[in-house]
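The values are calculated or read from the model by the stated rules, or taken from the named source; none is laboratory data. As the structure is a computational prediction, the values presented were derived from the model and not from experiment. Glycine also receives a Cβ, built like all others from the backbone with ideal geometry; neighbour counts cover every protein chain displayed.
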């Protein structure tokens with residue numbers, strides 16, 4: 001592995017009081033030194049970053065790397081191998097956008113994670129849930145009205161659809177048997193889901209508590225997809241660690257979320273992107289366009305309120321529902337709810353790392369941590385939206401390996 005010195009850069013890190021003019025030395029995939037005058041050996045690869053800005057690699061807390069719009073009719077037509085090749089392209093698009101770690105909230109399996117660790121393909125680090133848990137005919141049950149199951153199925157991928165405590169327990173154990181790092185559960189319908197409605201809960205408190213307790217016995221957290229207030233109340237009572245989307249959250253529920261140290265991953269970009277490009281690859285029908293218009297406004301207002309109530313907000317995108325590689329557009333969305341640019345960066349770096357219990361390894365530019373870094377030529381503290389375009393991410397380094405390099 002190359003020893004790398006990146007010199008003459010300005011470090012932008014939410015854990016720093018101010019931007020820092022410095023050089024950074026990488027050895028064996030680790031940040032070895034940070035300073036202005038670093039001595040190096042002759043075999044060190046030197047990168048001159050004059051006038052450029054170095055940030056920690058970002059962490060997307062809600063993505064689906066194996067999904068491309070959840071158009072299951074495509075999966076019925078295409079060879080199974082296409083599904084996996086698409087996943088590799090999605091992983092490349094994601095890391096090229098500046099995301100070096102992904103918490104995959106459904107469909108990436110242990111084989112995909114193993115490939116990430118082997119570095120044979122450009123991929124982010126992965127935390128996987130394998131298969132989201134859902135109730136019969138709930139959100140993520142892709143049994144159509146025709147009776148056909150449109151879900152991709154292959155050996156090793158659990159079918160996590162069930163009801164009642166016993167099935168809840170079994171589904172969690174199936175996921176851990178498939179080497180899940182955390183559990184993802186569908187606690188309400190989806191905004192555009194054919195099965196169920198977003199304003200109603202899915203899974204009752206008893207079922208959710210069973211899921212949380214079993215996950216806890218494995219030292220793992222539970223992430224709950226939930227739009228509805230009643231569903232969020234169930235999640236709070238059950239003790240989930242994060243609520244995904246939280247679209248219709250109200251002030252009372254936000255206070256309870258904060259009191260119970262639950263984080264929210266709002267994925268604000270997903271509804272905005274679907275609304276902006278309804279007839280493109282997303283195939284949103286006319287009725288849902290009107291629904292999305294209202295949802296975008298309500299979602300932003302409610303997450304702004306939750307942020308003002310002190311809820312811990314983390315960066316996630318729901319990529320897979322929308323195109324991959326748009327991940328850092330979420331930073332601008334977080335600033336739109338009132339975060340400063342520095343806070344938005346923290347939501348996608350150190351705060352996400354703290355939630356994942358890996359802040360000793362990633363999330364900031366600190367000596368001894370993994371060298372997960374991105375380089376750009378404009379200061380994101382002046383214009384966070386500049387990071388939205390993956391072409392503006394000039395270099396991506398993961399574990400000391402240069403994954404993307406547009407400087408040459």
Item to check | Test: residue 191 is outside any helix (DSSP H, G or I), over 16 Å from the mean Cα position of the chain (by Cα) and touching a residue at least 12 places away in the same chain (Cβ under 8 Å) | outcome: yes
Checklist entry - Of all residues in the stretch 294-316, which are surrounded by fewer than 24 Cβ atoms within 10 Å (Cβ to Cβ) and part of a helix (DSSP H, G or I)? => result 294, 295, 296, 297, 298, 300, 301, 302, 304, 305, 307, 308
Checklist outcome for this item: Subset of the stretch 35-58, residues closer than 19 Å to residue 401 by Cβ, over 28 Å from the mean Cα position of the chain (by Cα) and outside any loop (DSSP other than H, G, I, E, B), comes to 45, 46, 47, 49
Checklist entry - Of everything in the stretch 51-80 that's out of contact with any helix residue (DSSP H, G or I) (no Cβ under 9 Å at 6 or more places or on another chain) and free of Cβ contacts under 8 Å to residues at least 12 places away in the same chain, which residue is nearest to residue 96 (Cα to Cα)? => result 79
Next on the checklist: What's the number of the only condition in (1) in contact with a helix residue (DSSP H, G or I) (Cβ under 6 Å, 6 or more places away or on another chain); (2) modelled with pLDDT under 95 that residue 149 fails to meet?
Outcome noted: (1)
Item to check | Condition met for residue 272 (outside the structural domain of residue 388 (by TED's automatic domain parsing) and more than 18 Å from the chain's Cα centre (by Cα)) | outcome: no
Next on the checklist: Can you find a residue that is at pLDDT 95 or above, more than 18 Å from residue 112 (Cβ to Cβ) and surrounded by fewer than 16 Cβ atoms within 10 Å (Cβ to Cβ) anywhere in the stretch 173-190?
Outcome noted: yes
Checklist entry - Considering the stretch 253-293 alone, what residues qualify as being modelled with pLDDT under 95 and not in a helix (DSSP H, G or I)? => result 277, 278, 279, 280, 281, 282, 283, 284, 285
